[in-house]
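What follows is calculated from the coordinates using simple rules that are stated; it is not laboratory data. From a predicted model like this one, the values you see are computed outputs, not experimental measurements. When we count neighbours, we look across all protein chains shown, and the Cβ atoms used for this are built from the backbone with ideal geometry, even at glycine.
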Amino acid sequence: MPQLIVRKLYRALLRLHPECFRASFAPEMMRVFDEAWIEYGAAWLLGDAALSLLRQWCLRSPEDAQLAGPDARFGLLAGSYPVGGPPHLTMAKLSAALLLTLTSFLLFPYPGAYVPGRMAGRAHVQRGVRYVAQRNLSERP
Amino acid sequence: MKTIAPPLSNAVTYILLALAERDLHGYGIMQETTRLSGGEYKIGPGLLYDNLRALMAATLVEESEVEDGGEARRIYHLTQAGAAVLDDELKRLAEVVKAGRSRLAAGQTTGRTREV
């Protein structure tokens, strides 16, 4: 898939993030996407963005929303203006986010946060501990 | 303000470890995490910035802007509080390793472990 299309898809996923997160980090994430494109692969980065989308909408606590401060909304007459209180999830936003996330998952099956075929961090430590203990025992006279 | 204390998640541990040596930008943290874990653990931008936001809210990490090729770029810096939390986590992990070694050794001597 051409980079331009994947880039647009990634940008679309970022645009569906909550306003407070998007305003703070979307430009940085776009830049990282451009840099990490070759090393990490488009599918992996898109999968990460899709998971991030779900994480930000579903797991973000009210405290995070308060940290973000007032939300900026677009008005018909005067451009954008601040609105008090945390931004709210609308059905339209939720539907669009779910649709795009599902599409992204179908197009690019996410390999997970861990590299396939390898162990997770804690499992790796446990195996290392076991290996050292076995080696110590085998070296005993 | 949210507090972050051990036990830390893998992502937070690796982010703090990456920043322990020097200040890094987002992609630098991703690369350092991959290098530190020997390629076994990778952090994507979504997970990275979600955790950075939480770490900054807990004042364990600070951000600043630097010029990079004529463009402003954010870099992240480990605070003293962040270094203290990382130190606590490393001590906790060292205790886990120590306890794990002694228990496995005891299991070997009593014949409780067997080869599969």
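A few comments on the model shown:
- Legend: mean number of C-beta atoms from other chains within 10 angstrom of residue C-beta atoms, peptide B:32-39, equals 2.
- For segment B:57-63, backbone phi angles converted through the Karplus equation (6.51, -1.76, 1.60; θ = phi - 60°) give residue-by-residue couplings of 5, 8, 6, 8, 9, 10, 10 Hz, Gly and Pro being listed as x.
- Helix-only mean residue ellipticity at 222 nm for chain B, each DSSP H run of n ≥ 4 adding -39500 (n - 2.57), per residue, nearest 500: -19000 deg cm²/dmol
- For segment B:77-100 and segment A:1-62, distance of Cα centres in Å: 31 Å
- Taking the square roots of five times each eigenvalue of the Cα gyration tensor of chain B, the equivalent ellipsoid has semi-axes of 35, 16, 11 Å, listed largest first.
- Taking chain B and dividing mean pair separation by its residue count, relative contact order in percent (alpha carbons under 8 Å, at least six apart): 29 percent
- Positive-pole candidate from B:41, B:78, B:106, dipole of chain B, charges at beta carbon: B:106
- Backbone amide hydrogens, once placed in the peptide plane, bring residue B:61 within less than 5 Å of B:56, B:79, excluding anything fewer than 5 places away on its chain.
- Looking at segment B:11-45, the trypsin sites (Lys or Arg not before Pro) that sit in a DSSP loop and have at most 12 other Cβ atoms within 10 Å of their own Cβ are B:22.
- Student exercise, segment B:10-86 dipole from Lys, Arg, Asp, Glu Cβ charges, in Debye to nearest 20: 240 debye
- Residue-wise HN-Hα coupling along segment A:2-18, computed from phi with Karplus coefficients 6.51, -1.76, 1.60 (Hz; x: Gly, Pro): x, 4, 4, 5, 5, 4, 5, 5, 5, 4, 5, 5, 5, 5, 7, 5, x
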